[in-house]
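Shown next, in structure tokens, is the structure this report addresses.
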């Protein structure tokens with residue numbers, strides 16, 4: 001009697017974990033990859049990053065940048081016209097809420113609209 005209940009609890013737990021990750025997928029960045037980022041400058045606190053062009057959550061047009069380094073919780077990017085690379089946080093507080101079919105992978109530290117126009121949703125930790 002205890003074995004079926006235990007197995008059902010394990011299956012439910014794994015299903016909840018899968019749903020959580022499907023609802024807020026975390027983008028994976030690779031050196032050399034091109035992404036679009038907020039261009040507010042070094043004092044930018046939204047750290048918006050997307051795989052597609054659009055507007056940052058602060059309303060500015062995003063610019064293309066290349067990933068030059070990947071570390072835990074951050075990426076270093078070099079954009080056209082930037083004097084030096086900038087570091088962006090990847091442990092986002094908000095992510096595009098389009099669901100599993102989302103292909104823009106927009107993340108940010110501040111709420112606002114995703115590049116596809118949907119509201120960003122808080123990332124479940």
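Results for (1) more than 13 Å from residue 38 (Cα to Cα); (2) free of Cβ contacts under 8 Å to residues at least 60 places away in the same chain; (3) crowded, with 16+ Cβ neighbours inside 10 Å, shown as yes or no for each residue.
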{"site": "60", "(1), (2), (3)": "no, yes, no"}
{"site": "64", "(1), (2), (3)": "no, yes, no"}
{"site": "67", "(1), (2), (3)": "yes, yes, yes"}
{"site": "77", "(1), (2), (3)": "no, yes, yes"}
{"site": "82", "(1), (2), (3)": "no, yes, no"}
{"site": "89", "(1), (2), (3)": "no, yes, yes"}
{"site": "104", "(1), (2), (3)": "yes, yes, yes"}
{"site": "115", "(1), (2), (3)": "no, no, yes"}
Q. Here is a list of conditions, (1) within 15 Å of residue 111 (Cα to Cα); (2) free of Cβ contacts under 8 Å to residues at least 12 places away in the same chain, and residue 72 meets all of them except one; can you say which number that is?
A. (1)
Q. Can you name the residue in region 16-33 that is more than 14 Å from the chain's Cα centre (by Cα) and modelled with pLDDT of 55 or more and is also surrounded by the fewest Cβ atoms within 10 Å (Cβ to Cβ) among such residues?
A. 32
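The values are calculated or read from the model by the stated rules, or taken from the named source; none is laboratory data. Nothing here was measured: the structure is a model prediction, and the numbers come from that model. All Cβ positions, glycine included, derive from the backbone under ideal geometry; neighbour counts span all protein chains shown.
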